[in-house]
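Structure, as structure tokens:
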Amino acid sequence: MVEWASGLATGNELGPGKGWMRRSMDKSIQRAIELIGNAKHVVALTGAGISTPSGIPDYRSPKSGLWKKAEDMVEVASTYGFRHQPDKFYEWLRPLLDVIRQATPNPAHVALAQLEAAGHLQAIITQNIDLLHGRAGSRTVYEVHGHLREIVCPACHYLTAAADALDAFMARGVAPRCPRCRHVMKPNVVLFGDLLPRATLRAAQAAVQAADLMIVAGSSLEVSPAGDLPEVAQAHGARLIVVNFGPTHMDAAADVVIHADVAEVLPRLAAPWTAAPAAGPLSALMDMAAAPLNALIAALEPAEASASAAVR
Ligand code: ZN
């Protein structure tokens with residue numbers, strides 16, 4: 001039976017395994033859409049995974065390719081490291097800044113902006129510094145790890161817009177200096193060892209406590225305190241949707257878990273509230289074409305049902 005099923009799948013990308021997972025994902029997406037439709041106060045929590053489809057690596061991860069050794073992260077991108085060796089920090093920042101400045105919002109960012117515009121998302125809490133939520137059109141965004149809009153002097157706390165200073169740095173390689181005290185200024189982002197911006201964090205926590213639904217999108221929930229917010233939301237009665245490539249510690253407690261690309265899934269979650277007439281007839285046609293195969297897949301389902309725990 002199993003051999004026959006796998007033989008059937010050979011050379012057919014709509015084989016039983018993938019077909020089953022796709023239909024399970026369809027069910028999960030349908031359930032998530034119901035939760036969004038029934039919720040009154042929805043908060044999204046986003047992490048590096050929502051910007052990787054825009055080509056931005058997770059700079060806090062040793063696997064990002066931006067670090068030769070894991071220890072360098074703390075030595076270079078930390079409060080201590082910046083104050084003692086700001087040039088080393090800027091040398092490290094250059095390739096990341098280059099990528100971020102060229103990146104554009106992807107369909108996941110756009111979908112969240114559309115949900116907000118439709119009144120089905122009240123706030124985004126993000127660990128990202130890349131400004132892509134704002135550029136996608138999102139309005140209420142709590143950037144708990146700071147952002148690249150501003151630079152700040154770590155010595156006298158002078159704060160100013162970042163664009164010109166970072167342009168000059170990229171063009172001439174000269175790190176920006178504080179006009180008051182001449183210390184090298186840093187982008188207004190949270191480095192290792194920095195406190196999170198208090199007002200932003202407080203606003204984010206208030207949004208979480210008011211939420212009756214939280215959507216985690218592209219976060220592995222490994223970094224505190226943002227990673228703890230789903231638990232806080234649930235403690236205040238919120239439902240939980242997790243959309244992330246890899247597993248998270250909240251998967252078992254979530255109402256819906258979808259292990260897939262946020263750039264594929266979030267537009268589907270927003271679809272009921274976005275006018276996208278072009279997608280209608282085409283996807284209807286594809287559904288029709290897939291129908292007989294789906295019937296075949298349904299017959300094979302028991303053999304496949306235990307194979308994936310990705311969707312509940
Ligand atoms: Zn200063």
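Which pairs have Cβ atoms under 6 Å, sit 6 or more apart or on different chains, and link a residue in the range 17-29 that is of a type outside the set (S, T, N, Q) to one that is at pLDDT 80 or above? Listed by first residue and then by second, the contacts come to 29/268. Scanning the range 270-283 for residues that are among the aliphatic types (A, V, I, L, M) and at pLDDT 95 or above, we see that the one that is surrounded by the most Cβ atoms within 10 Å (Cβ to Cβ) is 270.
Take the conditions (1) buried (at least 21 other Cβ atoms within 10 Å of the Cβ); (2) within 16 Å of the ligand (Cβ to nearest atom); residue 112 misses just one of them, which is (2). Got a number for residues in the range 117-147 being over 14 Å from the mean Cα position of the chain (by Cα) and among the polar types (S, T, N, Q)? Number satisfying all stated conditions: 2.
Return the residues of the range 149-165 that are surrounded by fewer than 20 Cβ atoms within 10 Å (Cβ to Cβ) and within 29 Å of the chain's Cα centre (by Cα); say none if nothing qualifies. Break it down into steps so the answer makes sense when it comes.
Initial filter on the range 149-165 (surrounded by fewer than 20 Cβ atoms within 10 Å (Cβ to Cβ)): 149-150, 152, 154-161, 163-165.
Across the range 149-165, the qualifying residues are 149, 150, 152, 154, 159, 160, 161, 163, 164, 165.
Enumerate the strands (runs of 3 or more DSSP E) found wholly within the range 174-269, keeping only those where 2 or more residues are in contact with a helix residue (DSSP H, G or I) (Cβ under 6 Å, 6 or more places away or on another chain), surrounded by 19 or more Cβ atoms within 10 Å (Cβ to Cβ) and assigned by TED's automatic domain parsing to the domain that holds residue 92.
On the way: elements: 186-189, 213-217, 239-243, 256-258.
Result: 213-217, 239-243, 256-258.
Residues in the range 156-185 that are touching a residue at least 40 places away in the same chain (Cβ under 8 Å) and within 11 Å of the ligand (Cβ to nearest atom): 1 in all.
All conditions in (1) of a type outside the set (S, T, N, Q); (2) modelled with pLDDT of 90 or more; (3) under 30 Å from residue 169 (Cβ atoms) hold for residue 33, with the sole exception of (3). Evaluating residue 38 against the criteria (1) at pLDDT 65 or above; (2) under 30 Å from residue 168 (Cβ atoms); (3) not small (Gly, Ala, Ser) leaves one unmet condition, (2).
The values are calculated or read from the model by the stated rules, or taken from the named source; none is laboratory data. The model shown is predicted, which means the values in this text are computed figures rather than measured ones. Methodologically, a virtual Cβ is constructed for each residue, glycine included, from the backbone with ideal geometry; neighbour enumeration extends over all protein chains shown.
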